[in-house]
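Below you'll find the structure, written out as structure tokens, and then a few comments.
Rule-based calculations on the coordinates, nothing more; no lab input. On a predicted model such as this, the values are computed, not experimentally measured, just so you know. Positions of Cβ are generated from backbone atoms using ideal geometry, with glycine treated the same way; all protein chains shown enter the neighbour counts.
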Amino acid sequence: MRKFEDTYRHKGLRKQLIDTLRRKGISDERVLDAIGKIPRHFFMDSALDKIAYEDRAFPIGEGQTISQPYTVAYQTQLLEVKPFEKVLEIGTGSGYQACVLAEMGAWVYTIERQKKLFDQNKQFFYFSKYPNLKCFYGDGFEGLPTYAPFDRVIVTAAAPTIPQKLLDQMKTGGKMVIPVDEGSLQRMLRLTRNADGIAEEEKFELFSFVPMLGGKTNGM
Ligand code: SAH
């Protein structure tokens, strides 16, 4: 069960979370603002209410997780998204990351391969706050050719390699932030597509994500 009440206590805990993220090196005020506005506890079971603002990942069902706030902030900061840019997200999960991007004014297209999570999100009232957020059920390895090209692509599951189809769906000058397998962890990469269609790669820290899997589940 989920509870949708945003109390002063929740707001206070969010302020503390922002301080923690600042201490850990997040400095983009637009990212911190968005995280400060979104009630993260709405995205998880009310049993987790007391710990919802700790800087850690939590289970959301179907063996999946809502990413750690630091990871969300880190990826969003690297993405350097501006208002009205088109962003493709792979791995909607709880929808929290998608809402952070929508709160920052981007046009967000997010794909989830787990039917149950997709259906749950369809009924989640909080999403109606963002007319600039659209959810899709499908395989993120395929991207969304109908809506391409995108200014930004963010992958929120551990990719075995960089999916070529996602690179193909990026504009010139577009950026992709993606955690790619390196041993048992993932290296955060930022790829910028240059005028020759080649992706220039920058390497960042190691993270731990749930795997990016091919195909989609039918929710049975
Ligand atoms: N962005 C999410 C993080 C979710 S965890 C959040 O803010 O909560 C990663 C999600 O990626 C999981 O829900 C998983 O089902 C999904 N996923 C994994 N492989 C995928 C694929 N190929 N296409 C779409 N979604 C995928």
Residue in the stretch 77-88 that is within 14 Å of the ligand (Cβ to nearest atom), of a type outside the set (F, W, Y) and in a strand (DSSP E or B) present: yes
Enumeration of residues in the stretch 24-71 that are in contact (Cβ under 8 Å) with a residue 24 or more places away in the chain, out of contact with any Lys or Arg (no Cβ under 9 Å at 6 or more places or on another chain) and among the β-branched types (V, I, T): I26, V31, I60, T65, T71
Every residue from the stretch 116-144 that is charged (D, E, K, R) and within 12 Å of the ligand (Cβ to nearest atom): K116, D139, E142
For F209: the one exception among (1) in a loop (DSSP other than H, G, I, E, B); (2) in contact with a Ser or Thr (Cβ under 6 Å, 6 or more places away or on another chain); (3) within 16 Å of the ligand (Cβ to nearest atom): (2)
Residue satisfying all of: in the stretch 100-115; out of contact with any strand residue (DSSP E or B) (no Cβ under 7 Å at 6 or more places or on another chain) and assigned to a helix (DSSP H, G or I); nearest to the ligand (Cβ to nearest atom) among these: V100
Qualifying residue in the stretch 64-76 (condition: over 10 Å from the mean Cα position of the chain (by Cα), more than 10 Å from the ligand (Cβ to nearest atom) and in a strand (DSSP E or B)): no
Scope the stretch 34-49; condition out of contact with any helix residue (DSSP H, G or I) (no Cβ under 9 Å at 6 or more places or on another chain) and either polar (S, T, N, Q) or away from the ligand (no atom under 14 Å from the Cβ) (or both); matching residues: S46, A47
